[in-house]
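The values are calculated or read from the model by the stated rules, or taken from the named source; none is laboratory data. Keep in mind that this is a model prediction, so the values were computed, not measured. We place every Cβ from the backbone using ideal geometry, glycine too, and count neighbours over all the protein chains shown. Just the protein is used for accessible areas: all its heavy atoms, side chains included, with ligands, DNA and RNA removed. Shrake-Rupley method; radii C 1.70, N 1.55, O 1.52, S 1.80 Å.
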Amino acid sequence: MAFDIEMIKEVYAKMAERVDKARNVVGKPLTLSEKILYSHLWDETPEKAFVRGKDYVDFAPDRIACQDATAQMALLQFMQAGKPKVAVPTTVHCDHLIQAKQGAKQDLKQANETSKEVFDFLASVSNKYGIGFWKPGAGIIHQVVLENYAFPGGMMIGTDSHTVNAGGLGMVAIGVGGADAVDVMAGMAWELKFPKLIGVKLTGKLSGWTAPKDVILKVAEILTVKGGTGAIVEYFGPGATAMSCTGKGTICNMGAEIGATTSTFGYDESMERYLRATERADVADAANEIKEYLTADAEVYANPEQYFDQVIEINLSELSPLLNGPFTPDLSTTAGKEMTEKAKANDWPLAVEWGLIGSCTNSSYEDLSRASSIAQQALDKNLKTKAEFGINPGSEQVRYTAERDGILQVFEKLDATIFTNACGPCIGQWARYSDPKNAPKNSIVHSFNRNFAKRADGNPNTHAFVASPELTAAIAIAGRLDFNPITDKLINENGEEVMFDEPTGWELPPRGFEVKDNGYVEPVANGSGVEVTVSPTSERLQLLEPFTPIGDTITGAKLLIKAFGKCTTDHISMAGPWLRFRGHLDNISNNCLIGAVNAYNQQTNFVKNQLTGEYGGVPDVQRQYKAAGIKTIVVGDHNYGEGSSREHAAMEPRHLGVAAVLVKSFARIHETNLKKQGMLALTFDNENDYDLVQEDDTFNFLDLNEFAPDKPLTIELVHTDGSKDVITVNHSYNEAQIAWYKEGSALNLIKKQNAA
């Protein structure tokens, strides 16, 4: 039986009435996305048609999921909310704090020793507040959610940008910052700007070497890393229904890489098969009773241009295996000849040193089975693997079943390292180098989702390319980035020419899933007696102090850094070794913006201190400004804050005294995180004003005392020669968000309301 089955049945019991009412209010047929959104309104019954991309709307999500790196800060904030128990079903998953180095057994043992304090804290807080706890080694959060919690037509939020993976089971699942999750945990509404809608019609059928991964790699090429911002991507068509549930999950997962709010698919037979295979027949039966409400109205998919803001059509029968990268997930190259030409033109290393399979994106039983079919061919055809192999199963259930069926043993015969059921190299938890900053230039191929510089191994010279698990396996065996398994031959140990056959695999395990210990810990019914302790001398955990409001007067503010080009959350708050400080705000603030490129000298972590005239590290300079009581501003380019949901990228500058972030455009989650922490998230009215900002500038806000919705703000830039520029900046704050700013943070407001 499924977790929280009564909650799911309650959602379904109300869905038909709410969707029917919404259809009448909107006055036209509805997409699946709209059905889920309108049936999860905080006010329950739809009364008005919301304007996409403009109206802020309060929602009531069904559940919350948190991974260990972000759960620390989320739960530290929830502890201040004054609530005895979470208001909606919530889970914590320990998957980020396990470094890949030697192999699953040794790495898990090491993680349990080095992060014991954090794991114990998360377990005790979960037990106290009624939160389900998944132990280290249980699996990667999004695969575990898909196997246990996701359900068609539901809405969930999670403190990880790849929460969107649950769209593979027909959910609207959205990545958020911890402060958003705290709102819902505390029984409050969750606010979201009503998304725009992008429809992707999939015709034809995947076959041969093409995989669901190639679909999202193609979509990323079409939309780019910011083309989905503010929108839900809804997939439909015969190509969609012919695809497996976990394949759908892969596509939804990487929707985060195009900036999409989330992605989803309508309920179909593949989802039903997956639900039944994962022992949730009760959910499948309940979904079947209202299945017409768990997909778009027929008119929508028949004439999508009338109902979506943008429509893309992809013929899967014409799709070729792709590799996306390096350094960005939207640079797409067809396997083979095109890669040869691009690699030579751009000096990308053609020799591949590692092939990595797994992560939350591609670690299902189907993914591992298809990749293992290629590995088995290498054994059968007497091929020697040229690159090293690393495998991260998605969950203990997947790992146990794959081991039972001999899949993992095939990889091991090729000397692959089976890492823990955890994120590992995908998030920088990979002990590949002792000195990554000075490591050599090289190429790797992986089935992960992100490939920003230094993302996997900390080496800025690693060129990471994203591909399907089966193509990753073939390229790792061939050892060449431009290997095309459809056309290219390899020379085996006997000197014979051989070719790979097409990959094969199983959508679901033929003998069913099996697991001895899935790693789940149920919380006690009454956690009032559970003690949660945090040592005041801990380097890993720190109880939070409320932020002081920035106020309605900002004058004499200094420029901390003007970031040049791409500035993701990895640049603002790096992962990798810094993950160990995710529960200690002051310690992790020592990585604040150290990866951002200074526009004035093209260096990282090297900015001018206007108090001394000398240059220093960003956090060091900012701490001096804070000690002097001087507010500061960060200036950035387009899509600032692209990447993960980590709210540390907002909390760190806030903690250190940054008052405002002024950019050409924001990534959605990061903009919300800045607002939640009581900061000013602003955009240039004229993008060219970015060029007016000089290194020694002082900033005066001329009308912050009139801060109001839909009213631009005016900033005076005072240059060192005495000249001035006055610029207009925009914001997207509504009344409620302005209240967060005035109180110092959204959490401050929650505490105030709970105390009333």
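Of the strands (runs of 3 or more DSSP E) lying entirely inside segment 129-191, those containing at least 1 residues that are under 13 Å from the mean Cα position of the chain (by Cα) span 155-158, 172-175. Any residue in segment 709-717 that is under 20 Å from Leu674 (Cβ atoms), at pLDDT below 95 and under 31 Å from the mean Cα position of the chain (by Cα)? Among the residues of segment 709-717, not one is under 20 Å from Leu674 (Cβ atoms), at pLDDT below 95 and under 31 Å from the mean Cα position of the chain (by Cα), which makes the answer no. Pairing residues of segment 507-523 that are closer than 17 Å to Gln143 by Cβ with residues that are among the aliphatic types (A, V, I, L, M), at Cβ distances under 6 Å and at least 6 apart in sequence or on separate chains, gives Leu508/Ala277; Gly519/Ala138. Going through (1) part of a loop (DSSP other than H, G, I, E, B); (2) within 29 Å of Lys381 (Cβ to Cβ); (3) touching a His at 6+ places or on another chain (Cβ under 7 Å) one by one, Asn449 falls short only on (2).
Every condition in (1) surrounded by fewer than 20 Cβ atoms within 10 Å (Cβ to Cβ); (2) more than 19 Å from the chain's Cα centre (by Cα); (3) over 19 Å from Val663 (Cβ atoms) holds for Leu585 except the one numbered (1). Scanning segment 389-435 for residues that are free of Cβ contacts under 8 Å to residues at least 12 places away in the same chain, among the polar types (S, T, N, Q) and under 24 Å from His463 (Cβ atoms) yields a count of 1. Annotation: Arg276 fulfils all but one of (1) basic (Lys, Arg); (2) in contact (Cβ under 8 Å) with a residue 40 or more places away in the chain; (3) open to solvent by 30 Å² or more (accessible area, probe 1.4 Å); the unmet one is (2).
Just one of the numbered conditions (1) out of contact with any helix residue (DSSP H, G or I) (no Cβ under 8 Å at 6 or more places or on another chain); (2) crowded, with 17+ Cβ neighbours inside 10 Å is not true of Ala681: (1). Is it true that some residue in segment 535-549 is at pLDDT 95 or above, of a type outside the set (Phe, Trp, Tyr), out of contact with any strand residue (DSSP E or B) (no Cβ under 9 Å at 6 or more places or on another chain) and open to solvent by less than 40 Å² (accessible area, probe 1.4 Å)? No, every residue in segment 535-549 fails to be at pLDDT 95 or above, of a type outside the set (Phe, Trp, Tyr), out of contact with any strand residue (DSSP E or B) (no Cβ under 9 Å at 6 or more places or on another chain) and open to solvent by less than 40 Å² (accessible area, probe 1.4 Å). The residue pairs whose first member lies in segment 598-610 and is closer than 16 Å to Thr632 by Cβ and touching a residue at least 40 places away in the same chain (Cβ under 8 Å), whose second member is open to solvent by 70 Å² or more (accessible area, probe 1.4 Å) and among the aromatic types (Phe, Trp, Tyr), and whose beta carbons are closer than 6 Å, counting only pairs six or more residues apart or on different chains, are Lys608/Tyr615. Given the criteria at pLDDT below 95 and closer than 15 Å to Glu652 by Cα, does Arg623 qualify? It is false that Arg623 is at pLDDT below 95 and closer than 15 Å to Glu652 by Cα. Within segment 108-143, restricting attention to residues that are surrounded by fewer than 24 Cβ atoms within 10 Å (Cβ to Cβ) and in contact with a Lys or Arg (Cβ under 6 Å, 6 or more places away or on another chain), which residue is farthest from Lys85 (Cα to Cα)? Of everything passing the filter in segment 108-143, Glu117 is farthest from Lys85 (Cα to Cα).
Determine, yes or no, whether Phe448 is open to solvent by less than 30 Å² (accessible area, probe 1.4 Å) and touching a Cys at 6+ places or on another chain (Cβ under 6 Å). It is true that Phe448 is open to solvent by less than 30 Å² (accessible area, probe 1.4 Å) and touching a Cys at 6+ places or on another chain (Cβ under 6 Å). Filtering Asp43, Asp68, Asp62 for residues that are open to solvent by less than 10 Å² (accessible area, probe 1.4 Å) and touching a residue at least 12 places away in the same chain (Cβ under 8 Å) leaves a single hit, Asp68.
For segment 187-244, a residue qualifies if it is closer than 22 Å to Ser363 by Cβ and of a type in the set (Ser, Thr, Tyr), and the qualifying residues are Thr210, Tyr235, Ser244. Only one of the numbered conditions (1) surrounded by 16 or more Cβ atoms within 10 Å (Cβ to Cβ); (2) farther than 21 Å from Asn288 by Cα is not met by Glu34, and that is (2). In the set (1) in contact (Cβ under 8 Å) with a residue 24 or more places away in the chain; (2) farther than 27 Å from Ala596 by Cα, Asp703 fails one condition alone, (1).
If you go through segment 202-224 and keep only what is open to solvent by 20 Å² or more (accessible area, probe 1.4 Å) and within 21 Å of the chain's Cα centre (by Cα), you end up with Pro212, Lys218, Glu221, Ile222, Thr224. Looking at segment 308-342 only, could you name the residues that are more than 18 Å from Ala467 (Cα to Cα) and surrounded by 22 or more Cβ atoms within 10 Å (Cβ to Cβ)? Phe308, the sole residue that qualifies. Where strands (runs of 3 or more DSSP E) sit wholly within segment 225-334, those with at least 3 residues that are more than 19 Å from the chain's Cα centre (by Cα) occupy 310-315, 332-334. Taking the criterion of being open to solvent by 10 Å² or more (accessible area, probe 1.4 Å) and closer than 26 Å to Gln67 by Cβ, the residues of segment 388-419 that qualify are Glu396, Gln397, Arg399, Tyr400, Glu403, Ala416, Thr417, Ile418. For Ala345, the test of being assigned to a helix (DSSP H, G or I) and open to solvent by 60 Å² or more (accessible area, probe 1.4 Å) is passed.
What about Arg432, is it open to solvent by 40 Å² or more (accessible area, probe 1.4 Å) and touching a helix residue (DSSP H, G or I) at 6+ places or on another chain (Cβ under 7 Å)? No, not satisfied.
Is segment 553-571 home to any residue that is open to solvent by less than 20 Å² (accessible area, probe 1.4 Å) and either touching a Cys at 6+ places or on another chain (Cβ under 8 Å) or of a type in the set (Ser, Thr, Tyr) (or both)? Within segment 553-571, one or more residues are open to solvent by less than 20 Å² (accessible area, probe 1.4 Å) and either touching a Cys at 6+ places or on another chain (Cβ under 8 Å) or of a type in the set (Ser, Thr, Tyr) (or both).
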